[in-house]
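Enquirer: Below you'll find the structure I mean.
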Amino acid sequence: MSAIDTHDVIRVGSRKSELALIQTRHVIKCLKENHPKKNFEIVTMSTKGDKILDISLPKIGEKSLFTEELELALENGGVDFVVHSLKDLPTTLPEGMVLGAILKREDPRDAVVMSKKYEGKTLATLPEGSIIGTSSLRRSAQLARNMPHLKVENIRGNLNTRLKKLDDENGSYAAIILAAAGLKRMGWEDRISQLLEPEEALYAIGQGALGIECRETDWKTLSLLEPLYDVETTLRCVCERSFLKTLGGGCSAPVAVSSSLVDKNLTITGAVWSLDGQTIITDTLKSKLYIPDDTGEPPKKCPYREPRLYCSVAPGKVSGISLLGAEQLGKDIAKSLIDKNAFEIMCQARKEILNSS
């Protein structure tokens, strides 16, 4: 039974960071617009990824670094749903958990934030040997390939912490690279020195989107969340998640995408790099999706059968046929990269990470 049945207050799980709380409050605001009589309470907690800051994410080697504690609270009934940055959420959720909604995507691109002494510069015009801070293998590999005159160093911590390290007068960073979405949600868009287009840097799977995780059989919560579904974002992210799931990647190898949905044509570019960026395997595929015209009413569901999930995403108000097409396109591009020896590149990357000091 859902906690919503027995309590007046709906409990919402969130990480403690300022960005996480801003995102959670945004979700609650959207829900209040659709359910003005509902009351919500935010329950915050720290995850393993928030606590371990002296080790790079790939070397920690766990898939649920920023979600496990929140999911335990969800499983135990301590919260009714959890708000995540979708890029932090594994493509396979724990048994009994589901993505109950994916909201409209913010800008998925990466953003460069320059230190004050390099204001007006771009990555291409920074001096030889300038240090760029990022904890992402995906970003590091693309920088190594596209900007070989730069040096990459690991930087951890939440958004505020990383910006503080950049702004330290005695610090060594010329610039750091962050998700544009986080900076915009924090109201710090003026800190963005350069936005990296997909041809310059492909982005992380699900980057810029918010996903809401709940219990798979909690029909009250699933119904509550359904108005928040954004069809375009959901289809793109299901395709991206299907690509990553089929490929078997994560933070232990440089994997990235870009996607678009225009006139029902879904396009995805996927890529895998060696750690040094010198080897790249990539492809672009397109598929015409069947997307019914929006009548304002959700599709009818068979009351006698559990709804099919798409990379742990509940269909909500999105057409199952279009979701199936998006999921298949993600599988197809992953298989294309696998045929080009993507597995070998990824396995070598993992070995190098494990053997590094």
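Enquirer: Take the alpha-carbon centre of the range 112-174, take the same for the range 183-235, and report the distance between them in whole Å.
Expert: One Cα centre to the other: 24 Å.
Enquirer: I'd like the Karplus ³J(HN,Hα) series for the range 76-83: coefficients 6.51, -1.76, 1.60, θ = phi - 60°, whole numbers in Hz, and an x wherever there's a Gly or Pro.
Expert: 7, x, x, 9, 8, 7, 10, 9
Enquirer: Can you give me the angle between helix 18-34 and the longest principal axis of the chain, using Cα atoms only, in degrees from 0 to 90, rounded to the nearest 10?
Expert: The angle comes out near 30 degrees.
Enquirer: For the range 120-129, in order, what is each residue's ³J(HN,Hα) by Karplus, 6.51 cos²θ - 1.76 cosθ + 1.60 with θ = phi - 60°, in whole Hz (x at glycine and Pro)?
Expert: The phi angles translate into x, 7, 10, 4, 5, 9, 5, x, 3, x Hz.
Enquirer: Hey, another quick one. Which cross-chain or sequence-distant (5 or more) residues have an amide H under 5 Å from the amide H of Ser319, H modelled 1.01 Å from N in plane?
Expert: none
Enquirer: The chain: longest stretch without exposed GluC sites (Glu not before Pro) (DSSP loop, at most 13 other Cβ within 10 Å), sites themselves excluded?
Expert: Free of exposed loop sites, the longest segment is 200-357.
Enquirer: Another question, then. Accessible surface of Met45 in the full protein assembly, 1.4 angstrom probe, to the nearest 10 Å²?
Expert: Approximately 40 Å² of Met45 is accessible to the 1.4 Å probe.
Enquirer: Let me ask you something else. Working from Cα positions, state the angle (0 to 90°, nearest 10) between the long axis of helix 342-355 and the longest principal axis of the chain.
Expert: Taking the Cα atoms of the chain, the angle to 342-355 is about 70 degrees.
Enquirer: Give the aspartates and glutamates reachable from Lys116 as a straight Cα distance under 15 Å; neighbours fewer than 8 places away on the same chain don't count.
Expert: Answer for Lys116, where 15 Å is the Cα cut-off: Asp167, Asp168, Glu169, Asp190, listed by chain and number.
Enquirer: Now, a different point. If amide hydrogens are placed 1.01 Å from N in the peptide plane, which non-local residues have theirs closer than 5 Å to the one on Val152?
Expert: Under 5 Å from the amide H of Val152 lie the amide H atoms of Ile132, each far enough along the sequence or on another chain.
Enquirer: Here is a further query. Per residue, how large is the accessible surface of the chain? Use a 1.4 angstrom probe and give square angstrom.
Expert: 47
Enquirer: Let me ask something else about it. Taking amide H atoms as placed 1.01 Å from N in the peptide plane, list the residues 5 or more away in sequence, or in a different chain, whose amide H sits under 5 Å from that of Glu41.
Expert: Ile10, Arg11, Val12
Enquirer: Points 7 angstrom from Cα along the Cβ direction at Thr267 and Asp167: gap in nanometres?
Expert: 3.9
Enquirer: Ratio of alpha-carbon Rg to the 2.2 N^0.38 Å globular estimate for the chain, to two decimals, please.
Expert: Normalised by 2.2 N^0.38 Å, the Cα Rg of the chain equals 0.99.
Enquirer: Let me ask you something else. Which part of the range 82-100 falls in the paramagnetic zone of Glu41, meaning amide N under 18 Å from the point 7 Å along Cα-to-beta-carbon?
Expert: 82-83, by backbone N distance to the label point.
Enquirer: Continuing with this model, one more query. What full-extension length gain, to one decimal in nm, is calculated for Thr284 and Arg308 as 0.36 nm per residue of separation minus the Cα-Cα distance?
Expert: Extra length available between Thr284 and Arg308 comes to 5.9 nm.
Enquirer: Next question. Roughly to the nearest percent, how much of the accessible area of the chain is carbon and sulfur, given a 1.4 Å probe?
Expert: Result for the chain: 49 percent of the exposed heavy-atom area is carbon or sulfur.
Enquirer: When the chain is fully extended, how far beyond the present Cα-Cα distance does Glu199 get from Asp276, taking 0.36 nm per residue of separation?
Expert: Values: separation 77, 0.36 × 77 = 27.72 nm, distance 1.83 nm.
Length difference between fully extended and current span is 25.9 nm.
Enquirer: What list of ³J(HN,Hα) couplings, whole Hz, do you get for the range 218-230 from phi and the Karplus terms 6.51, -1.76, 1.60, once you set θ to phi - 60° and write x for glycine and proline?
Expert: Taking θ as phi minus 60°, the curve returns 8, 5, 4, 5, 4, 5, 4, 7, 3, x, 7, 4, 10 Hz for the range 218-230.
Enquirer: Using the basic label-point model (7 angstrom from Cα toward the beta carbon), what is the Glu344 to Lys16 distance in nanometres?
Expert: 4.7
Enquirer: Same structure, new question: On a straight-distance basis, which aspartates and glutamates could pair with Lys245 in a cross-link, Cα separation under 19 angstrom, same-chain partners fewer than 8 positions away excluded?
Expert: Glu62, Glu68, Asp88, Glu95, Glu213, Asp283, Glu327, Asp332, Asp339, Glu344
Enquirer: For Asp293 and Glu95, what is the calculated FRET efficiency with R₀ set at 45 Å and r taken between the beta-carbons, to the nearest 0.05?
Expert: On the way: r = 36 Å, r/R0 = 0.80.
Efficiency, rounded to the nearest 0.05: 0.80.
Enquirer: Assuming R0 = 45 Å, what is the FRET efficiency of Glu352 and Asn76, from their Cβ-Cβ distance, to the nearest 0.05? Walk me through the numbers on the way to the answer.
Expert: On the way: r = 38 Å, r/R0 = 0.86.
Efficiency at R0 = 45 Å is approximately 0.70.
Enquirer: Does anyone have the angle between helix 137-146 and the longest principal axis of the chain? Alpha-carbon axes, 0 to 90°, nearest 10?
Expert: It is inclined by approximately 40 degrees.
The values are calculated or read from the model by the stated rules, or taken from the named source; none is laboratory data. Keep in mind that what you see is a predicted model, and the values were worked out from it rather than measured. No Cβ is skipped: glycine too gets one built from the backbone with ideal geometry, and neighbour counts run over all protein chains shown. The protein model used for the area step is the full one, side chains on, heavy atoms only, and it has no ligands, DNA or RNA in it. Shrake-Rupley method; radii C 1.70, N 1.55, O 1.52, S 1.80 Å.
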